[in-house]
1. Taking the residues in the range A:107-150 that are among the β-branched types (V, I, T) and open to solvent by less than 30 Å² (accessible area, probe 1.4 Å) as candidates, determine which candidate is nearest to the other protein chains (Cβ to nearest Cβ).
2. Working carefully through the options A:L24, A:L42, A:L18, find the one that is in contact (Cβ under 8 Å) with a residue 60 or more places away in the chain, assigned to a helix (DSSP H, G or I) and surrounded by 14 or more Cβ atoms within 10 Å (Cβ to Cβ).
3. Within the range B:55-72, identify whether any single residue is open to solvent by less than 20 Å² (accessible area, probe 1.4 Å), facing another protein chain (nearest Cβ under 8 Å) and modelled with pLDDT of 95 or more, and answer yes or no.
4. How many residues does the range B:106-141 contain that are open to solvent by 20 Å² or more (accessible area, probe 1.4 Å) and either more than 8 Å from chain A (Cβ to nearest Cβ) or over 14 Å from the mean Cα position of the chain (by Cα) (or both)?
5. Just to be sure, is A:L24 in contact with a Ser or Thr (Cβ under 9 Å, 6 or more places away or on another chain), among the hydrophobic types (A, V, I, L, M, F, W, C) and modelled with pLDDT under 95?
6. Identify the single condition in (1) touching a Ser or Thr at 6+ places or on another chain (Cβ under 7 Å); (2) of a type in the set (F, W, Y); (3) in contact (Cβ under 8 Å) with a residue 40 or more places away in the chain that B:Y89 does not satisfy, given that it satisfies every other one.
7. May I ask you to list pairs of residues, at least six apart or on different chains, whose Cβ atoms are under 9 Å apart, with the first in the range B:32-50 being more than 19 Å from B:M90 (Cβ to Cβ) and the second being outside any helix (DSSP H, G or I) and open to solvent by 70 Å² or more (accessible area, probe 1.4 Å)?
8. How about the range B:51-169: which strands (runs of 3 or more DSSP E) wholly inside it have at least 1 residues that are more than 30 Å from A:P50 (Cα to Cα)?
Amino acid sequence: MANFILRKAEPNDVSDILRMIKELAKYEEMEEQVILTEKDLLEDGFGDHPFYHCFVAEVPKEKQSADGFTLVAFAMYYFTYDPWIGKLLYLEDFYVMEEFRGFGMGSHILKLLSETRCSSMHFIVAENNTSSIEFYKRRGASDLSREEGWRLFSIDKEDLKKMTKK
Amino acid sequence: MEFSIRAANLEDCKDIARMILELSEYEKLSDRVKVTQKDLEQDGFSKNPFFHGIVAEVPEQHRTADGHVKIGYSLYFYSYSSWKGRSVYMEDLYVMPEFRGKGIGKALMSKVAQLGLAAGCKQLDFTVLDWNKSSVDFYMSQGCADITADLGLHCMRCEGDAMERLAQP
């Protein structure tokens, strides 16, 4: 089954994007962490200054998923800045629905991302996701946490507010 | 000690470039720095900037031996979490060694937090090297969580040839 198209996401896609975000979060055992809404995705992705960009993979109606979906894969990304090397691509989410894996959709999405002409792409993987880590390492990705000791830190909204009051 | 925090402007790029190099030397990774003052000017101060900056400045009477009054900075940009939505990423936070311990780092980070909250951000993210104990301790005291330790999330990079290979079906 090579019958799919890759295209930029459109405002009407936000419902499917959110569905797939939740499916991916479930796979990562982090489903309860998703508080993003369709409204957020619409405002943040399709306004004057989008916070993110998105590619989606679409199959024809006759190839739809068991549950009747035709948007079956997505990649959410944005541009970041490394003061050592300049502009980078940050891949926030990358997902292909299970029943559509193995047909080259993932590779085609990555090819599209590589055409954004950034010299480097950064992303995060959970250490227990060994199949994904192997996939990326086989293609030359470096694990910066393991190899260079970089640890990701985060501070949430409540603690941010406390910080600004001090 | 008196100091002020303000948004960076084009003229600050020379000092920011200097301090980026100083920070990379502190992190023992200075051979990685390829960005120039000109890159910073183009990438940070054009119509669609790739980053934003704030600088910490001291009055003339406290200038360094080399005559610098811009003695700290932070570079940040807006990012997106597919779990939470709008986020702010603090790429660099640096205060020159002789000006540490005076609350300047805290003030810079607080400013980034303020700007992030004003833009509707739900979280502030950044990375720290695991051996940088004084920084890790500072961040933990501000209520930060070590996501690599807590959730096992590893930062990955795919660059140059590796990125080309990733694009092969």
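The values are calculated or read from the model by the stated rules, or taken from the named source; none is laboratory data. It should be emphasised that the depicted structure is a prediction, and the values quoted were computed from it without experimental measurement. In this analysis, Cβ positions are derived from the backbone assuming ideal geometry, glycine residues included, and neighbour counts consider all displayed protein chains. With ligands, DNA and RNA removed, areas are computed over all heavy atoms of the protein, side chains included. Shrake-Rupley method; radii C 1.70, N 1.55, O 1.52, S 1.80 Å.
1. Filtering the range A:107-150 for residues that are among the β-branched types (V, I, T) and open to solvent by less than 30 Å² (accessible area, probe 1.4 Å), the one nearest to the other protein chains (Cβ to nearest Cβ) comes out as A:V125.
2. None of the other options fit; the residue is A:L24.
3. Within the range B:55-72, not a single residue is open to solvent by less than 20 Å² (accessible area, probe 1.4 Å), facing another protein chain (nearest Cβ under 8 Å) and modelled with pLDDT of 95 or more.
4. 20
5. The answer is yes for A:L24.
6. Here B:Y89 clears every test but (3).
7. Cβ pairs passing all conditions: B:N48/A:H49.
8. Hits in the range B:51-169: B:52-57, B:70-81, B:85-95, B:123-129.
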